[in-house]
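Note sheet for the following structure.
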Amino acid sequence: MKKSVLLGTFAAAALVSGMASAATLDDVKARGELICGSNTGLTGFGAPDANGEYQGFDAALCKALAAAIFGDASKVKFVPTTGETRFTALASGEVDLLVRNSTWTYSRDNDLKFDFVAVNYYDGQGFMVKKDLGVSSAKELDGATVCIQTGTTTELNLADFFKANNITYTPVTVADDSEAQRQYVAGACDAYTTDASGLAASRATLADAENHIILPEIISKEPLGPVVRHGDNQWGDIVRWVYFSLVIAEEKGITKANIEEVASTSTDPEVRRLLGLEGEMGAMMGLDNNWAKNAIAANGNYGEIFEANIGTATPIGLARGLNALWTQGGLQYAPPVR
Amino acid sequence: MALATETPDTGFRLSMLIYDTRFRAITIQVIVLILFLLFLGWLVDNTIQNLAAKDKDINFSFLWNRAGYDIDQQLIPWNNDMTHGRAAIIGLLNTLVVAFFGCIFATIIGVVVGVLRLSKNWLVSRLMTVYVEAFRNVPLLLWIILVYVVFSEIRPAPKDFRITDEMAAAGTAPAAHMNLWDSVAITNRGSNIPAPLLDRPLGGFEVFDVPINFSVLATLAVIIASILANRAFLRRVRAVQEDTGIRPTTWWKSLLILFVPVSLLLWALGLHLEYPVLKGFNFQGGIAVAHSFTALLIALSLYTGAFIAEVVRAGILAISRGQTEAAFALGMRPNRTMSLIILPQALRVIIPPLISQFLNLTKNTSLGIAVSYLDLRGTLGGITLNQTGRELECMLLMMLIYLTISLIISSIMNYFNASVKLKER
């Protein structure tokens, strides 16, 4: 009797642990909310605001995804992860996806068994220094002390860059962005290195932002994007196409403000397919037909999200650069909805 | 009337496993053991199956791949072309060095504080009580961060030490200056202390890229030989004292034996000190000790010292008051009573709990991650784990290593304990 109860418990535990790898969409729907792995706090990308609500460029993608699935952008729970814990959290099923400035690399894609479904920000690693250090190029940093976040690709790029230029440095390894900032401001390191977008975000939160400069060198390619677990293609497709729908919306001029008007008046077949007025596009992914409409209505199109969170009008002040649409000389390009 | 208690000799029956008290205890133990092993087997099997479901396996070959990252504190040579395995060893050595010095300092602090807490001086004993209670009752992590922040916020930046041409012309002093006759520079990043260098080193060789230095080996050999010689000398003095009742003067002869040979050797090798100099962004030359190490060492020593103080106090209180009174009756002064009568006896009570304090200190070094100290947890369990994505392998390896260190420490201490405990013949 006792033994069978014990075995029953084991069987139940095995079932539960096996379920994490089943269809993520079903899990999310059954749960009634999306769990999105986010930053512990990177202003402009994913950081809690004064009310504790996550806001930012990455957070907006999670909200758009929740809107596409549930028709309600608020049905998303943000789980803060550090550079160290993020991939474990994703692999173990603690989060449904990771939208957290994570760089798409070969080994993460293949060895860690993840899928990077899109690139929502094309970035590169840079350096921030204090102006009075008198440095104008990263190659002048010989002998400097450099703060880096552990568990990131920047750690490896940094080692490669200094080796390639035959100069030396002392690393100060820190766990997350806020600790790196504290050390950098306290002067424990001469330079802080991370993705240029992250540097801009950090610089924006400094009290004396004008006394800090971001050096011109970009020492690596950092394609940042949403990550899902390998093996659940349907879920990967949903995340990918929700992102693409935001890019297409910008391309077609669909904004948060005019979406209802476009939906009722547009004659463009692609717009009509995207907004669910023609065909059964949503059903192919297991979603409602107005999935893209809900996603766009949540925070606006890609350009709107960019400008509202990290664009030139915000304290972070990033230009579109590589992240402009392909029609404007950038790299953001979405396949057709057909 | 025949006695009914006599057991009929019918041989062994299967039911006896349950109904015979002689066998029942063993039966239950065997069943529990089998169940426990089944549970362990299920755990392992479940882990492997779930890893397989995620297309993962258990594989330690990443230890031989290029690591590609840099480590700021390294006791043996390191560059980012070396393997993850070597990075783990660098981390292990960083763990061991902080644990080693931590154990020594914590013991010194603990013994002094433990004795002083029993002092009859009201102020001294109360001060020690405050220290013990403050450190015992606040989490260690907070102490580590506090010490680190104090260092990094209070000390000046390296550039404050610089004397520019204008300042030299105007005769103004820089904002900060070095301590101890311009030999030690404590900045907000770390402490730079003078490094001993040799003009005429003896050379050396390398084993697995670890340089073995003949000069260091020779110095160690001379020091050990001097200590042995001094012990032989003291034995002879004791023999003379027992024979004649007069103890010859020993102090200057001991000093000669202990210090002259090693000084001569170092002089012959051309020992001099290399002082740190501000060059570029940081101080160069000398030995750079990062504040993460200093903060971790100070916090660990003070924290564990508080616990050891309590252990020492308990050990002393366990010795009967009569021992002290007997010593006083023989005319011994209080501090000789303590060091010759009380402490040697108290050691028997002190050492077993002291072992677990040493083990705690060693395991607590893994909190160094909070101040970016790259110990075993920081390299193998931090960067390597992240860059390779081999969580399970790294964690298992790390647990195995900490277990091994702890077992080694406790076996050494158990050996020491056996040598001081009451000999019963």
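Where a number appears in this text, it was derived from the coordinates with a stated rule and is not lab data. Everything numeric here is computed off the predicted structure, so don't read it as measured data. Virtual Cβ from ideal backbone geometry, glycine too; neighbours counted across all protein chains shown.
What to note about this one:
- With the highest mean first, a sort of the peptides A:316-323, A:186-193 on other beta-carbon atoms found within 10 angstrom per residue produces A:186-193, A:316-323.
- For the protein assembly as shown, share of DSSP beta bridges that run antiparallel, in % to the nearest 5: 70 percent
- Selected from A:Val247, A:Val185, A:Val76 as most flexible by GNM, with chain A as the system and alpha-carbon contacts under 10 Å: A:Val185
- Within chain A, the whole DSSP H helices whose Cα atoms reach 15 Å or more along their own axis and whose mean Kyte-Doolittle score is at least 0.5 are A:2-19, A:57-70.
- Mean separation of Cα contacts under 8 Å, 6 or more apart, over the residue count of segment B:196-274: relative contact order %: 48 percent
- Between A:Ser264 and A:Arg31, the contour length at 0.36 nm per residue exceeds the alpha carbon distance by 80.6 nm.
- Reference-scaled alpha-carbon Rg (2.2 N^0.38 Å with N residues) for the protein assembly as shown: 1.24
- Hypothetical label at A:Ala313: residues of segment A:253-292 whose amide nitrogen lies under 15 Å (7 Å Cα-Cβ projection): A:255-258
- Packing, as the average of other Cβ atoms within 10 Å across residues, places the peptides B:142-153, B:123-134, B:321-332 in the order B:142-153, B:123-134, B:321-332, highest first.
- Inter-label distance, nm, simple model (7 Å from Cα along the C-beta direction), B:Arg235/A:Asn110: 6.7 nm
- Set of lysines with alpha-carbon distance to A:Lys75 below 17 Å, sequence-local pairs under 8 removed: A:Lys29, A:Lys63, A:Lys293
- Cα centroid separation, segment B:348-425 to segment B:283-311: 17 Å.
- Charge context of B:Pro344, other residues only, Cβ under 14 angstrom, K/R +1, D/E -1: +4
- Chain B: DSSP helices with Cα axial extent of at least 24 Å and average Kyte-Doolittle hydropathy no lower than 0.5: B:21-53, B:84-116, B:214-244, B:251-269, B:291-317, B:343-364, B:391-420
- Dipole of the protein assembly as shown, positive end: most advanced residue of B:Tyr69, B:Ser215, A:Ala67 [Cβ charges, Cα centre]: B:Ser215
- Take the Cα of B:Met395, step 7 Å toward its Cβ, do the same at B:Thr172, and the gap between the two points is 5.7 nm.
- Other residues whose C-beta falls under 12 angstrom from the C-beta of B:Phe328 contribute a net charge of +2, scoring Lys and Arg +1 and Asp and Glu -1.
- Extension gain for the segment B:Leu51 to B:Ile18, taken as residue separation times 0.36 nm less the Cα-Cα distance, is 7.7 nm to one decimal.
- Using C-alpha pairs below 8 Å separated by at least 6 residues, the relative contact order for chain A is 21 percent.
- Surrounding net charge for A:Asn110, when Lys and Arg each add one and Asp and Glu each subtract one, Cβ distance under 12 Å: -1
- Which of B:Ile350, B:Ile405, B:Thr362, positive extreme of dipole for segment B:311-425 (C-beta unit charges): B:Ile350
- Subset of B:Lys253/B:Lys423; A:Lys130/B:Lys279; A:Lys77/A:Lys252; A:Lys163/A:Lys221 violating a 28 Å alpha-carbon distance limit: B:Lys253/B:Lys423; A:Lys77/A:Lys252
- Structural descriptor for segment B:278-349: relative contact order 31 percent, calculated from alpha carbon pairs under 8 angstrom and at least 6 residues apart.
- Cα gyration tensor shape of segment B:196-274, rounded if a/c is under 1.5, else prolate or oblate by comparing a/b with b/c: prolate
- Considering only B:Leu273, B:Leu367, B:Leu385, the Gaussian network model of chain B with Cα springs below 10 Å gives its largest mean-square fluctuation to B:Leu273.
- Scalar couplings 3J(HN,Hα) for segment A:46-53, obtained by applying the Karplus form with A = 6.51, B = -1.76, C = 1.60 to θ = phi - 60°, are x, 8, x, 8, 4, 8, x, 8 Hz; x denotes Gly and Pro.
- Shown here for segment B:14-75: chymotrypsin sites (Phe, Trp or Tyr not before Pro) in loop regions (DSSP other than H, G, I, E, B) with at most 13 other Cβ atoms within 10 Å, namely B:Phe60.
- A straight Cα-to-Cα reach below 20 Å connects B:Lys56 with the aspartates and glutamates A:Glu84, A:Glu94, A:Asp96, A:Asp109, A:Asp111, A:Asp115, A:Asp232, B:Asp45, B:Glu391, B:Glu393, residues fewer than 8 places away in its own chain not being considered.
- For chain A, a Gaussian network of Cα nodes joined below 10 Å ranks A:Arg240, A:Arg272, A:Arg31 by mean-square fluctuation, and the top entry is A:Arg31.
- Working from label points 7 Å from Cα in the Cα-to-Cβ sense, the A:Ser74 to B:Val124 distance is 6.8 nm.
- From its DSSP helices (H runs of at least four residues, each -39,500 (n - 2.57)), chain B gives a residue-normalised ellipticity at 222 nm of -20000 deg cm²/dmol.
- Averaged over peptide B:381-388, the number of partner chain Cβ atoms lying within 10 Å of each residue's Cβ comes to 5.
- Shielding by partners for peptide B:75-86, expressed as the average number of C-beta atoms from other protein chains within 10 Å of each residue's C-beta, is 1.
- Peptide A:149-161 has a mean of 4 when you count, residue by residue, the C-beta atoms of other protein chains within 10 Å of its C-beta.
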